[in-house]
1. Can we say Pro80 is surrounded by fewer than 13 Cβ atoms within 10 Å (Cβ to Cβ), modelled with pLDDT under 95, assigned to a loop (DSSP other than H, G, I, E, B) and not charged (D, E, K, R)?
2. Hey, among the residues in region 98-110 that are in a helix (DSSP H, G or I), free of Cβ contacts under 8 Å to residues at least 24 places away in the same chain and over 14 Å from Ile125 (Cα atoms), which one's least open to solvent (accessible area, probe 1.4 Å)?
3. Quick one: which of Gly39, Gly33 is on the phi > 0 side of the Ramachandran plot and either at pLDDT 95 or above or out of contact with any His (no Cβ under 6 Å at 6 or more places or on another chain) (or both)?
4. Residues in region 24-39 that are in a helix (DSSP H, G or I), in contact (Cβ under 8 Å) with a residue 60 or more places away in the chain and either surrounded by fewer than 15 Cβ atoms within 10 Å (Cβ to Cβ) or within 15 Å of the chain's Cα centre (by Cα) (or both): how many?
5. Quick check on my filter: what residues within region 55-75 are within 17 Å of Tyr29 (Cα to Cα) and open to solvent by 60 Å² or more (accessible area, probe 1.4 Å)?
6. List the number of the failed condition for Leu92; all other conditions in (1) open to solvent by 60 Å² or more (accessible area, probe 1.4 Å); (2) at pLDDT 95 or above hold.
Amino acid sequence: MLRLLIAFSFVLLAACANQVKQNTVVLNYSDFGPQVIAGEVIGMEWWQWLSHGEPRPAVYDIKIVVFQDIPLKEIKRLYPIKPDMQKDYRYLKYEKALDFLNSKIDDNVMEKVTSILEATRTKLIGEFNE
């Protein structure tokens, strides 16, 4: 009986993990273009716990969690911001991400940037099965 209960628990955990995976996609900051446009929807490209970026160019490993049909509170629990570990997550609802991407793709200011944004949009649509 105990083995059956343990096996059932693993099945439930796998189902829950799969549900979260289908409701979230973690991307890089650069997937939303350069800071000059991405900043309006995901903030500046430096650690959010700093008041400004480094005077010399620095690389910040900022991740963007795009989510759908899951409360923001749960997303923040799953992807917590941890300055001491340099874990910086930005949270973006799927619909807002698509609106942003569609708008900037329509602007088509720079072909290279537009290509990046189109690839990001394609990935999100594919991941969220829309």
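1. no
2. Ile105
3. Every option except Gly33 fails the conditions.
4. The qualifying residues number 4.
5. Listed by number, the residues that qualify are Pro57, Val59, Asp61.
6. The single condition Leu92 does not satisfy is (1).
Conditions (1) part of a helix (DSSP H, G or I); (2) at pLDDT below 95, marked per residue:
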{"position": "Leu50", "(1), (2)": "no, yes"}
{"position": "Gly53", "(1), (2)": "no, yes"}
{"position": "Ala58", "(1), (2)": "no, yes"}
{"position": "Val66", "(1), (2)": "no, no"}
{"position": "Ile75", "(1), (2)": "yes, no"}
{"position": "Lys96", "(1), (2)": "yes, no"}
{"position": "Val113", "(1), (2)": "yes, no"}
{"position": "Asn129", "(1), (2)": "no, yes"}
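The values are calculated or read from the model by the stated rules, or taken from the named source; none is laboratory data. No experiment lies behind these values; they were computed from the predicted model shown. For neighbour counting, all protein chains shown are included, and Cβ atoms are generated from backbone atoms with ideal geometry for every residue, glycine included. Just so you know, the surface numbers come from the protein's heavy atoms only, side chains and all, with ligands and any DNA or RNA stripped out. Shrake-Rupley method; radii C 1.70, N 1.55, O 1.52, S 1.80 Å.
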